[in-house]
1. For the range 4-279, how big is the tail of P(r) above 30 Å, as a whole percent of Cα pairs?
2. Between residue 180 and residue 23, what length in nm is gained on full extension when 0.36 nm per residue of separation is reduced by their alpha carbon distance?
3. Which residue, 208, 101, 130, tops the fluctuation ranking in a GNM of the chain built on C-alpha contacts under 10 Å?
4. For residue 250 and residue 83, what does the FRET efficiency come to when R0 = 25 Å and r is the distance between their Cβ atoms, rounded to the nearest 0.05?
5. Once you place label points 7 Å from the Cα toward the Cβ at residue 173 and residue 278, how far apart are they in nm?
6. Between residue 148 and residue 15, how high is the FRET efficiency from 1/(1 + (r/R0)^6) when r is the Cβ-Cβ distance and R₀ = 45 Å? Nearest 0.05.
7. Report, to two decimal places, the Cα Rg of the range 1-80 normalised by 2.2 N^0.38 Å (N = number of residues).
8. Taking every DSSP beta bridge with both residues inside the range 4-279, roughly what % is antiparallel (nearest 5)?
């Protein structure tokens, strides 16, 4: 019998302040609630005190953001899916954004250990006028420690209904996926960063703004350590997606943080303000 953790977050906005209410059952909980940018933006640091996710664990996060609220959600360290004896480890994140709400979903990387059996599902529902920045960083195994991801299965779902759906299955025995030039080509870190805006029928992001956001990301990619294994595009009128591959987490995360800061400034007029926990 594994851990069962459920965390509910509700963000409201009143008199210039985003207020967060939380309820938790089990080991998934809020570590810190901070306002480094002033009252309007709540920075939340979430933790899973057992330190990792094993077979039989079921973790669920449900977040609701009311109109005008702005939440930045991150974690102090990696999410680790450890080796399983056969039971599935599950993590589910669901967020619902009302018109005018903003969410930044910025957890540290997910590490899949040799032999894990895991399913990670992210679902973000944006009403017209809602906005979000989010990323997902996956590190397969610990190759520097001689612990490659050569056994186990990790299933990943990212869904923005009506806009974007990504489904991936990483099997440690799938040499074609992990090592072929048509797959990951031996890279053990993969990441996606997205900027999305809720739109009504027929609406789209301003074309000039979209091009400016793409140009800013491309300039940062060219100046990064990943100029040939990262790219950015606008696959939907209300969505921008950057993808990157690397051999280590640090250069991938550095690129995502840089582009997130640039997009935040260009699209929202806000400074980068990286969460303090990233520097500890």
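1. Numbers: 10434 of 37950 pairs.
The share of Cα pairs beyond 30 Å in the range 4-279 comes to 27 percent.
2. Working: separation 157, 0.36 × 157 = 56.52 nm, distance 4.49 nm.
Result for the pair: 52.0 nm of gain on full extension.
3. Comparing 208, 101, 130 in a Gaussian network model of the chain, the most mobile one is 208.
4. Working: r = 25 Å, r/R0 = 0.98.
In this case the efficiency is close to 0.55.
5. Simple spin-label model gives 3.9 nm for this pair.
6. Values: r = 53 Å, r/R0 = 1.18.
That pair, residue 148 with residue 15, gives E of 0.25.
7. On the way: Rg = 13.7 Å, N = 80, 2.2 N^0.38 = 11.6 Å.
For the range 1-80, the normalised Cα radius of gyration comes out at 1.18.
8. Numbers: 45 of 98 bridges.
Here the antiparallel bridges make up roughly 45 percent for the range 4-279.
Here, each number is a calculation from the coordinates, and none is a lab measurement. Everything numeric in this text was worked out from a predicted model, so none of it was measured. Ideal geometry is used to build each Cβ from the backbone, glycine not excepted, and the neighbour counts take in all protein chains shown.
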